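Following: one structure in structure tokens, then a few remarks.
The values are calculated or read from the model by the stated rules, or taken from the named source; none is laboratory data. Small disclaimer: the values here were computed from a predicted structure and weren't measured. Cβ sites come from the backbone with ideal geometry, for glycine too, and all protein chains shown count toward neighbours.
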Amino acid sequence: METSFALTGKGYVIVAADTTSARSIVKMKNDEDKIKTVSPHLLMSYSGEPGDTVQFAEYIERNLRLYQIRNLYPLRPSAAASWIRRSLAESLRSRSPYSVNLLVGGYDTSTHEPKLYWIDYLGTVSEVPFAAHGYGSYFVLSLLDRYHDPEAPLEEGLATLKRCIQEVSKRLIVSPEKYKVKVVDKDGVREVEL
Amino acid sequence: MARRYDSKIAKVSKVVHNYQYDITFQVAQLYSRLKAWAPHCILCFYTYNSLSGRLYQIEYAMEAISHAGTVLGVLAKDGVVLAAEKKVTGKLLDLSGAKAGGYGGSGEKIFLLNSNMIGGVAGLTADANSLVNYARSAAQRHLLAYNDDIPVELLAQKLCDLKQGYTQFGGLRPFGVSILYAGYDPHYEFQLYHSDPSGNYSGWKATCIGANNGTAQSLLKQEYKDDIVVKDAIGLVLRTMSKTMDSTTLSSEKLEFAVLTLDEATKTPKAKIYRPAEIDALLQTEGLIKKDDDAEMKST
Amino acid sequence: MSIMDHNGGSVIAMVGKDCVAIASDLRLGNQALGISSNFQRVFGITDRIYLGLPGLATDVNTLRERFRFRVNMYTIKEEREIEPEAFAHLVSSTLYEHRFGPYFIEPVIAGLSKTPTGGIRPFIAATDLIGCINFAKDFVVSGTASSKLFGVAEGLWEPDLEPEDLFETISQTLLNAVDRDAFSGWGAVVHVITKDKVITRKLKARMD
């Protein structure tokens, strides 16, 4: 079952998402990247209705890129999250709403702070220290309540993330086998092998 | 005759449909409608007509602005200072409404464009009001879309897009207004921009528009220092204004004044447009109000 | 399960002597799952007006942004701040514009309005999701814990409370009501609006 989670730490945000692509009960693919780099210091993980997800993520990606080309600097994480939220909120009351859930994690290069936003398909946005979507969220959020430290260095953050992944594979009936993990900090975005 | 124009317009509006957010196309649409109403007048609508490729209307507008009330801006390390000269219309003009005004200032030359931006205008007042309105709406639209104050350069750009649109089509005249923008955003912190009727804009450390702008700019060039702070910038602005303005004494009657700084506690921009009484108090502390000796001599 | 209860959250406002108070919990949920314990749903509109927006969280964000837009345009064009009565009608008409596809929010407005003699008068009001205004003289409640809030407020509120007493009354009312509601709680915030300042305090609440 689709699961994604993210957590902040000292000067960074970690975003993780499973890599399965499923149609009904069939696993079609197990190396799907569901985390997009939407600007130099911004990551967005997406999950939800297949088709809607990629379509919406690419729409966001191209629009944020256009803003950056026009204005020579990218939108800050808070502004990007607000704009993405608005796109979903407008879509919700349209004839064919997108059903996409997002985690937007970024590093604000003007205030030097890591930022994480939980966004659902209704267009709800909330700035949070850690977040999760999908069935994994029921296990992971309570685990992070106990172990999350907003001041932890990257190694500790990744260790906490491993705990989350272990918990999901232990308790969820159909748990994903593989995750893609990306980190965003002052140097930009990079992928991490666990 | 009329039918022929209609078919032309139909073609144009098809193109316009795809670009409905593009301002120049909005202007084009306006122009083609004008054609439909008054086709016999088309020959008299020209923005430019010159073999050298110069746009006379813009040059006329710029010339007119160089006789308008002076507006002067100085960018400091920790803020931006703006001052403007009011042309006194006469004793009978009722200014009582302006004195109690909402956000300070008399609303003639210096305007609050957004919580992070102040604009000083030189040129046709009516055109300026329309541009200020446009700027305020644009800033609020940005806030609505991005939940964040509009970056300074972006708002200057938006106004320039509008201004440029009016230089490209016949039958419409350009805005006869130059604007100084003083603003703050987290990307480039404090900034000062100038835009002219053609839709060009540029960033400055210190600049001046309106009457005597040449004199003021050479004075600023001599006195400006790169690490100037707001406190010194206020003095520099007022001294330069007193030298460039025609009148011998400065007072709130002829001067508008504003400062943009950062609020110490909240780290958010704080735009302060001075009220008349505050301007007089400031001139007093800067030692720029001269005792009117002549008046005393006469009474004795 | 109503869409109004999807995210949870409650707001209450009370009148005091020359002051008003507005308070809300801080929970953002996804049905029974808690997402955030710091979700702001009460917003300062002017120095003297606060607006609470309990209901569907996406509409909390949307309406907050829309009202800020409308009030900023009002302030800059009128060159004065909006009065609570005018703002209540702005809220009402904005909601009624969407009569047949409403925002799932039942707003609460608290503020101090100017009297013609130069004094101030407390103002509170609440509307339903399509903008029908309820002007109250004592208190208004809204959100998933509204039925519980009614009960506690009915017992605790009395007329002409001073700011500090009003703070105590509204805090106790909110905390005790949200403890009986599964969808509200997880921290609380209180604003007491007086003539010359607004006192904002975060309350320690049960986090279960």
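Worth a mention:
- Hey, A:SER110 within 18 Å of A:TYR12 (Cα to Cα) and within 14 Å of chain B (Cβ to nearest Cβ) or not: yes
- Matching residues in the range C:69-89 - criterion: being within 22 Å of C:ARG41 (Cβ to Cβ) and at the interface with another protein chain (Cβ under 7 Å from one of its Cβ atoms): C:PHE69, C:ASN72
- For the range A:59-75, a tally of residues being under 16 Å from the mean Cα position of the chain (by Cα) and either facing another protein chain (nearest Cβ under 7 Å) or among the acidic types (Asp, Glu) (or both) returns 1.
- Flag if B:LEU180 is under 20 Å from B:ALA271 (Cβ atoms), of a type outside the set (D, E, K, R) and away from every other protein chain (no Cβ under 14 Å): yes
- Selection within the range C:170-193 - assigned to a helix (DSSP H, G or I), out of contact with any Asp or Glu (no Cβ under 8 Å at 6 or more places or on another chain) and touching a residue at least 24 places away in the same chain (Cβ under 8 Å): C:ILE170, C:SER171, C:THR173, C:LEU175, C:ASN176, C:ALA177
- Residues in the range A:120-137 that are in contact with a helix residue (DSSP H, G or I) (Cβ under 6 Å, 6 or more places away or on another chain) and more than 7 Å from every other protein chain (Cβ to nearest Cβ) were compared, and the one that is farthest from A:LEU42 (Cα to Cα) is A:GLY136.
- For the range C:49-61, filtering for residues that are touching a Phe, Trp or Tyr at 6+ places or on another chain (Cβ under 9 Å) and either more than 10 Å from chain A (Cβ to nearest Cβ) or surrounded by fewer than 22 Cβ atoms within 10 Å (Cβ to Cβ) (or both) leaves 6.
- Hey, B:GLY165 touching a residue at least 12 places away in the same chain (Cβ under 8 Å) and more than 14 Å from chain A (Cβ to nearest Cβ) or not: yes
- Residues that are more than 14 Å from every other protein chain (Cβ to nearest Cβ), farther than 15 Å from A:HIS133 by Cβ and buried (at least 21 other Cβ atoms within 10 Å of the Cβ) within the range A:38-58 comprise just one, A:VAL38.
- Of everything listed in (1) in contact with a Phe, Trp or Tyr (Cβ under 8 Å, 6 or more places away or on another chain); (2) surrounded by fewer than 19 Cβ atoms within 10 Å (Cβ to Cβ); (3) under 17 Å from C:GLY55 (Cα atoms), the single unmet condition for C:GLY131 is (2).
- Those strands (runs of 3 or more DSSP E) of the range A:102-194 in which 3 or more residues are within 27 Å of C:GLY55 (Cβ to Cβ) occupy A:113-119, A:125-127, A:130-134.
- Hits in the range A:22-46 - residues which are at pLDDT 95 or above, in a strand (DSSP E or B) and over 9 Å from the mean Cα position of the chain (by Cα): A:THR37, A:VAL38, A:SER39, A:LEU42
- Single residue of the range C:1-24 satisfying the filter (buried (at least 24 other Cβ atoms within 10 Å of the Cβ) and within 14 Å of another protein chain (Cβ to nearest Cβ)) that is nearest to C:SER171 (Cα to Cα): C:GLY9
- Pairs, first over 18 Å from A:VAL100 (Cβ atoms) in the range A:22-39, second assigned to a strand (DSSP E or B), C-beta under 7 Å, six or more apart: A:MET28/A:SER21; A:MET28/A:ALA22; A:LYS29/A:SER21
- Across the range A:23-36, not a single residue is classified as within 14 Å of another protein chain (Cβ to nearest Cβ) and either farther than 23 Å from A:LYS186 by Cβ or in contact with a helix residue (DSSP H, G or I) (Cβ under 7 Å, 6 or more places away or on another chain) (or both).
- When the criteria are applied in full, A:ASP108 meets the requirement of being of a type in the set (Asp, Glu), in contact (Cβ under 8 Å) with a residue 12 or more places away in the chain and at negative phi.
- For the range B:176-229, a residue qualifies if it is among the β-branched types (Val, Ile, Thr) and either under 20 Å from the mean Cα position of the chain (by Cα) or surrounded by 20 or more Cβ atoms within 10 Å (Cβ to Cβ) (or both), and the qualifying residues are B:VAL177, B:ILE179, B:THR207, B:ILE209, B:THR215, B:ILE228.
- Single residue of the range C:25-34 satisfying the filter (within 12 Å of another protein chain (Cβ to nearest Cβ) and touching a residue at least 24 places away in the same chain (Cβ under 8 Å)) that is nearest to the chain's Cα centre (by Cα): C:LEU26
- As a summary of the residue check, A:SER175 satisfies the conditions (1) surrounded by 14 or more Cβ atoms within 10 Å (Cβ to Cβ); (2) modelled with pLDDT of 95 or more except for the one numbered (2).
- Residue list for the range B:235-269, restricted to those being assigned to a helix (DSSP H, G or I) and in contact (Cβ under 8 Å) with a residue 60 or more places away in the chain: B:LEU236, B:VAL237, B:LEU238, B:THR240, B:MET241, B:THR244
- Scanning the range C:67-112 for residues that are of a type in the set (Gly, Ala, Ser), buried (at least 17 other Cβ atoms within 10 Å of the Cβ) and either closer than 27 Å to B:LEU112 by Cα or free of Cβ contacts under 8 Å to residues at least 24 places away in the same chain (or both) turns up C:ALA88, C:GLY111.
- Tabulated pairs, the range B:138-154, first at the interface with another protein chain (Cβ under 7 Å from one of its Cβ atoms) and more than 19 Å from B:GLN191 (Cα to Cα), second part of a helix (DSSP H, G or I) and small (Gly, Ala, Ser), C-beta under 6 angstrom, 6+ apart or interchain: B:TYR146/A:ALA79; B:TYR146/A:SER82; B:ASN147/A:SER82
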